[in-house]
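Remarks on the structure that follows.
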Amino acid sequence: MKLQFLGTSAGVPTKQRNVTGLALSESEGKGWYLIDCGEATQHQLLHTRLTLNTLHAIFITHVHGDHSYGLPGMLASAAMNGRKTPLKIIAPAAIQHWLTATILHTELYLPYELEFIDAASLPCVEFDQLTVTTTALSHRVPCYGYSFTETTVSTQLDTAKLQRDGIPRGPLWGQIKQGIDVEVAGSRVIAQHYLLPTSAPRKIVVAGDNDTPQLLTDTCRDTDMLVHEATYTQAVAEKVGSGPMHSYAAQIAGFAETIKLPHLVLTHFSSRYQENGPATVRDIYNEAKAAYHGQLFLARDFAEFELHKDGQLFELSNTVDK
């Protein structure tokens, strides 16, 4: 499973960071999923290997523009690029109302079907390689986190059980290894009963804006990595004092430490934090690192991460065509 950040700024873009967008790619094939679609997300995609024809679904965490204003243009571009297959959009109901009005009043023709699913009513949605569930978060508007768990994992034959049950070695074992049920002496043999997973299913949680990380406690059980906003450092968050809105670095890092989360990737940084200046993104990293002892990353636009089958997370070299 791979992640590539398309935008990592909060509220407004900066010269180095676009507003929020994140691509999650499946382990096999070219299928991928988009989580949030801030303005100019489709421009960011032009600098990646991702295509709109292999996009399986779009997940929108909430209605704020820095997470959704890129949707109409991207949907239009998908149409002009020849997309015909239906596209799922999992989002708060208001997103559907807004897009329906935009499509109507701009006379936008889409040669593919949009399948809307209201995030508020979604227990889970199944894809070929992933199961996705939602968690309600705390923000100024209804906001959600999405949990992606793989459904296909590598397996090996339980040879001891095969031998014990008298299933003859040879072609039958090969079929069972492929997950194919077979017949032995007139009885049906269920392949899954003789397959052992070689690793646990990988799980990634991507949260929207959220001022109460503890809402993710149950969701993050057995989670390999969490992607969460750290809009401010604590001192700035206390100075802003804008009510229920965002998490700060020490807050989300402390939560991750409490639940023993192995990997934490922070994103959605206020535009006041630059690469150089009186307030830098390094301030966010230092504050988080003081509270969290797992593997910590700060996201950058176009940064790629790969979660291996053994649950280890690696940042890949950044190869952006710009």
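The values are calculated or read from the model by the stated rules, or taken from the named source; none is laboratory data. This structure is a prediction, so every number in the text was calculated from the model and none was measured. Counting neighbours? That spans all protein chains shown, and the Cβs are built from the backbone with ideal geometry, glycine included.
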Any residue that is surrounded by fewer than 17 Cβ atoms within 10 Å (Cβ to Cβ) and farther than 25 Å from A230 by Cα - is there at least one of those in region 53-69?
yes
Flag if A207 is surrounded by 14 or more Cβ atoms within 10 Å (Cβ to Cβ) and touching a His at 6+ places or on another chain (Cβ under 6 Å):
yes
Output the residue which, of all residues in region 26-43 that are touching a helix residue (DSSP H, G or I) at 6+ places or on another chain (Cβ under 9 Å) and among the charged types (D, E, K, R), is nearest to Y146 (Cα to Cα).
D36
So which of K260, K309, K289 ends up being out of contact with any Asp or Glu (no Cβ under 8 Å at 6 or more places or on another chain), in a helix (DSSP H, G or I) and of a type in the set (K, R)?
K289
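Out of L87, L137, L122, L108, which single residue is over 26 Å from the mean Cα position of the chain (by Cα) and either assigned by TED's automatic domain parsing to the domain that holds M225 or in contact (Cβ under 8 Å) with a residue 60 or more places away in the chain (or both)?
Sole residue among the options that is over 26 Å from the mean Cα position of the chain (by Cα) and either assigned by TED's automatic domain parsing to the domain that holds M225 or in contact (Cβ under 8 Å) with a residue 60 or more places away in the chain (or both): L108.
Looking only at region 30-38, decide whether some residue is among the charged types (D, E, K, R) and without any contact (Cβ under 8 Å) to a residue 40 or more places away in the chain. Lay out the reasoning, then the answer.
Here is the first cut: in region 30-38, the residues among the charged types (D, E, K, R) are 30, 36.
Retained after the next criterion (residues that are without any contact (Cβ under 8 Å) to a residue 40 or more places away in the chain): 30.
So far as region 30-38 goes, yes, one or more of its residues are among the charged types (D, E, K, R) and without any contact (Cβ under 8 Å) to a residue 40 or more places away in the chain.
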Any pair with Cβ under 7 angstrom, 6 or more apart, that starts in region 2-28 at a residue that is in contact (Cβ under 8 Å) with a residue 12 or more places away in the chain and ends at one that is in a loop (DSSP other than H, G, I, E, B) and among the aromatic types (F, W, Y):
Q4/F302; F5/F302
Is there a residue being more than 16 Å from T14 (Cβ to Cβ), touching a residue at least 24 places away in the same chain (Cβ under 8 Å) and of a type in the set (D, E) anywhere in region 281-289?
yes
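Does region 160-169 include one or more residues that are under 22 Å from T219 (Cβ atoms) and among the polar types (S, T, N, Q)?
As a first pass, look at region 160-169 and keep what is under 22 Å from T219 (Cβ atoms): none.
No: region 160-169 contains no residue that is under 22 Å from T219 (Cβ atoms) and among the polar types (S, T, N, Q).
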Please specify each residue of region 210-221 satisfying the condition of being surrounded by fewer than 17 Cβ atoms within 10 Å (Cβ to Cβ) and among the charged types (D, E, K, R).
D218, R221
What's the number of the only condition in (1) part of a helix (DSSP H, G or I); (2) within 25 Å of L6 (Cα to Cα); (3) within 22 Å of the chain's Cα centre (by Cα) that R282 fails to meet?
(3)
Name every residue in region 228-255 that is hydrophobic (A, V, I, L, M, F, W, C), modelled with pLDDT of 95 or more and within 19 Å of P13 (Cα to Cα), in order of residue number.
A230
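Please enumerate the residues belonging to region 26-48 that are within 14 Å of L87 (Cα to Cα) and either of a type outside the set (F, W, Y) or not assigned by TED's automatic domain parsing to the domain that holds T14 (or both). First the steps, then the outcome.
Taking region 26-48 and keeping what is within 14 Å of L87 (Cα to Cα), we get 31-35.
Selection gives G31, L34, I35.
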Just name the residue that is surrounded by the most Cβ atoms within 10 Å (Cβ to Cβ) out of those in region 222-266 that are without any contact (Cβ under 8 Å) to a residue 12 or more places away in the chain and of a type outside the set (G, A, S).
V240
